[in-house]
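The values are calculated or read from the model by the stated rules, or taken from the named source; none is laboratory data. Owing to the predicted nature of the structure, the values given are computational and were not obtained by experimental measurement. Don't worry about glycine lacking a Cβ; one is built from the backbone with ideal geometry, like all the others, and counts go over all protein chains shown. For accessibility, only protein heavy atoms count, side chains too; no ligands or nucleic acids. Shrake-Rupley method; radii C 1.70, N 1.55, O 1.52, S 1.80 Å.
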Amino acid sequence: METADGIKLSCPQNLFYGGNYMDVKEVELPYHDSSTGEYSCGDDEKIFVKFRTCDNCVELDTSSIVGLAVGDVVATIVVGVAVYLIASQARTGQVIPTKK
């Protein structure tokens, strides 16, 4: 069964973890890499539990995503206006056509 921060294993007999006798019928495994391993309920039923955690991950919430989107739009507008102003500057002298 899945809990808020891990899983719960239950067994009518006693649980074994990695060949060691745990002397419990129910165990709640926290969501950590150290809980990874093979659990068995007697000799017949075995389950391998693999936890993969990300220690250096950043959680993005709605306000962060909106902030990134608005910042991207503002930066694009600023660059577009800068390019327009530089490209539309009046030239100082008149261009004289040449005939050959």
**Fill in**
Residues whose built amide H sits under 5 Å from the amide H of THR36, excluding neighbours closer than 5 in sequence, are PHE51
**Item:** Amide N proximity, the stretch 53-71 versus VAL78 label position 7 Å along Cα-to-Cβ, cut-off under 19 Å
**Value:** 64-71
**Item:** Residue-level accessible surface for GLU38, protein heavy atoms, 1.4 Å, Å²
**Value:** 90 Å²
**Residues of the chain: accessible area per residue with a 1.4 Å probe, Å²** = 87 Å²
**Message:** List the lysines whose Cα sits under 27 Å from the Cα of LYS46, skipping any in the same chain fewer than 8 residues away.
**Reply:** LYS8, LYS25
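With a ≥ b ≥ c taken as the square roots of the eigenvalues of the C-alpha gyration tensor of the chain, please select rounded if a/c is under 1.5 and otherwise prolate if a/b is larger than b/c or oblate if it is not?
prolate
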**Request:** Just order 61-68, 26-33 by mean Cβ neighbour count inside 10 Å, highest at the front, would you?
**Result:** 26-33, 61-68
**Message:** Tell me whether the stretch 37-83 comes out rounded, prolate or oblate; compute the Cα gyration tensor, take square roots of the eigenvalues as a ≥ b ≥ c, and use a/c under 1.5 as the rounded threshold.
**Reply:** prolate
**Asked** In degrees from 0 to 90, rounded to the nearest 10, what is the angle of the helix 62-87 Cα long axis to the longest principal axis of the chain?
**Response** 20 degrees
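Work out the FRET efficiency for SER34 and GLN13 from their Cβ-Cβ distance, taking R0 = 25 Å, and round it to the nearest 0.05. Mind dumping the intermediate values first?
On the way: r = 24 Å, r/R0 = 0.97.
Here the calculated transfer efficiency is 0.55.
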